1. Could you work out the local net charge near A:Ala30, counting Lys and Arg as +1, Asp and Glu as -1, over the other residues with Cβ closer than 12 Å to its Cβ?
2. Let's see if you can work this out: charge +1 on each Lys and Arg Cβ, -1 on each Asp and Glu Cβ, no other charges. What is the dipole magnitude of the protein assembly as shown about its Cα centre, in debye to the nearest 20?
3. Would you mind getting the Kirkwood hydrodynamic radius of region A:98-248 from its Cα pairs, rounded to one decimal in Å?
4. Relative contact order of region A:102-155: what whole-number percent is it, with Cα pairs under 8 angstrom and at least 6 residues apart?
5. Viscosity 0.692 mPa s, temperature 37 °C: give me the Stokes-Einstein translational D for chain A in µm²/s, with Rh taken as the Kirkwood radius over C-alpha pairs.
6. First measure r as the distance between the Cβ atoms of A:Arg92 and A:Ala396, then evaluate 1/(1 + (r/R0)^6) with R0 = 56 Å and state the FRET efficiency to the nearest 0.05.
7. Among A:Ala128, A:Met163, A:Gly9, whose Cα sits farthest toward the positive end of the charge dipole of chain A (+1 at Cβ of Lys/Arg, -1 at Cβ of Asp/Glu, about the Cα centre)?
8. Need one number: nm distance between label points at A:Asn377 and A:Ala51, each 7 Å from Cα along Cα→Cβ, rounded to one decimal.
Amino acid sequence: MHAAIAPAGVLVDERRTLYRLAGEIYAPGARLSDNLLDHPAVRYELGRALAGHEDLDGETLFAAARIEVADAAGIAVVSDSDATSKLATPLRIIAPAGAKPQVLTRADGERFAAALALVAEAVELFRALAPEMSDDLLAHLDLFVVLKSETSGGVVSASTRYMPGLVLIDEPATAMEVAEALVHEGSHLKFFDFAVTRDFLDARSHRADHFVNSWSRVEWPMEQAYAAWHAYTALSQFALQCESQQLSPLSLLPKAHERAAEIGQWLVEHQADLCSDARWLLHALRGTAPSRDEMPSTMDGDTLAEQFLETDHLQLVPGVRRARAASGRSVAATASRPPNIFWLDTDATWVIAQFRGGESEKVAPASMLALAAEEWNETEEAVIRRLVVALRSLVASELVEPEGAPSHSRRIR
Amino acid sequence: MTPNQPVRPQMPPAMPSGRTPHLPQGGGPVVGQPVNQVDFFRHMPNGGATVYLRPAEVAQND
């Protein structure tokens with residue numbers, strides 16, 4: 001289902017591309033490996049910088065990632081005896097009022113070994129029960145933490161948008177409850193990766209109405225309502241594979257479908273505040289016809305061609321940085337601090353790639369058009385339309401600027 | 001920077017299970033705007049965590 005937007009591998013690669021670009025901006029020369037770029041603590045530091053906190057350097061990133069882990073069927077489980085101190089930030093974020101959760105580590109001996117074995121069993125169980133879903137969700141899980149039950153304050157499972165890739169659970173009693181947590185929290189992790197790479201949420205959703213659920217009357221902003229709907233939808237699918245399993249008394253599987261339906265209905269009623277990919281996924285998972293956004297154009301080909309060709313030159317806005325993902329999309333950052341971050345589709349990526357000489361290069365629309373006509377194998381009208389749509393969006397985002405005679409230079413807008 | 005008070009989804013007891021949603025035939029990638037801004041980092045909501053608590057703690061905290 002998710003693969004219709006992007007397979008997990010594509011999504012992870014695009015996420016790395018974004019964080020690598022952030023690393024080049026805030027810790028130039030740090031040369032962050034894929035493993036480091038996946039590390040939740042590194043992503044926390046880079047996300048913090050992108051939110052406007054400037055106190056970041058390469059050493060902070062390397063230090064953040066220094067935490068020992070043990071393997072549980074391919075999942076990295078934190079084993080570091082100093083983990084409670086090293087993970088103080090996420091523990092504080094997820095802590096229930098009055099609780100100070102502590103991490104179960106190798107220093108806890110047999111207790112840790114038993115929990116590690118249960119996590120490994122749970123990963124195998126998840127893979128056996130729902131192989132496609134496990135591939136889809138576990139790709140977004142990078143660090144797993146088990147909390148000491150006497151300190152967890154009632155946490156069953158948790159994750160946080162500030163440290164994406166991290167899942168925390170209470171000390172488990174059965175593999176099945178861990179498997180359910182992998183589905184629940186793994187869905188949140190996937191949503192976090194969608195939110196930084198795809199067209200999901202923008203300022204509209206932050207100003208949107210809040211959702212109040214019927215079962216506990218808790219109020220959720222739209223971002224959290226969407227995350228909850230996404231997780232309940234995955235849980236309702238997983239429930240169908242678990243009919244022979246003994247569920248925990250705390251299991252959400254029996255009630256997941258009903259809750260997904262309730263939240264989903266509210267989201268449909270408020271879909272105008274969602275961006276295109278979020279809207280599409282909402283309809284696709286609910287089994288209703290997705291509404292497709294059309295490329296914005298109300299003008300005929302001649303008018304577009306006239307506008308396009310009347311712009312004298314185009315050039316990159318000074319200081320724009322970009323990086324290309326394996327998917328062909330690219331991410332760009334403006335020179336402002338913090339930077340504005342944009343994802344570019346393949347057409348916009350193609351356009352911006354024409355500025356091979358960087359911000360000093362001026363490209364004439366006519367030569368760009370001629371090259372696109374050669375490479376895109378489309379009619380001239382279609383090529384012009386695609387170029388104009390891409391350029392309008394690049395100019396509106398202040399990544400590319402038209403340059404030349406003032407009377408002409410605004411036409412592309 | 002990060003807030004201390006998570007917004008917690010609260011989840012009490014049981015109900016019937018559901019059907020698998022089906023992806024519509026012909027579904028595929030969305031055709032949207034060529035350039036999309038990432039707003040996720042700029043927007044730092046209070047809480048920013050999804051925490052599933054035991055029902056006893058739900059009652060206690062709410």
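No lab work stands behind these numbers, since they all come straight from the coordinates. If you're wondering where the values come from, they're calculated on a predicted model, not measured in any experiment. Don't worry about glycine lacking a Cβ; one is built from the backbone with ideal geometry, like all the others, and counts go over all protein chains shown.
1. Values: positive: A:Arg20, A:Arg31; negative: A:Glu24, A:Glu45, A:Asp57, A:Glu59.
Once all neighbours under 12 Å are counted, the net charge is -2.
2. Details: 42 positive and 62 negative charges, 145 e Å.
Charge dipole, the protein assembly as shown, about its Cα centre: 700 debye, nearest 20.
3. The answer is 16.5 Å.
4. Values: 22 pairs, mean separation 28.6, N = 54.
That works out to 53 percent.
5. Details: Rh = 23.3 Å.
Diffusion coefficient, whole number: 141 µm²/s.
6. Working: r = 39 Å, r/R0 = 0.70.
With R0 = 56 Å, the Cβ-Cβ based efficiency is 0.90.
7. Result: A:Met163.
8. For A:Asn377 paired with A:Ala51, the spin-label model returns 4.6 nm.
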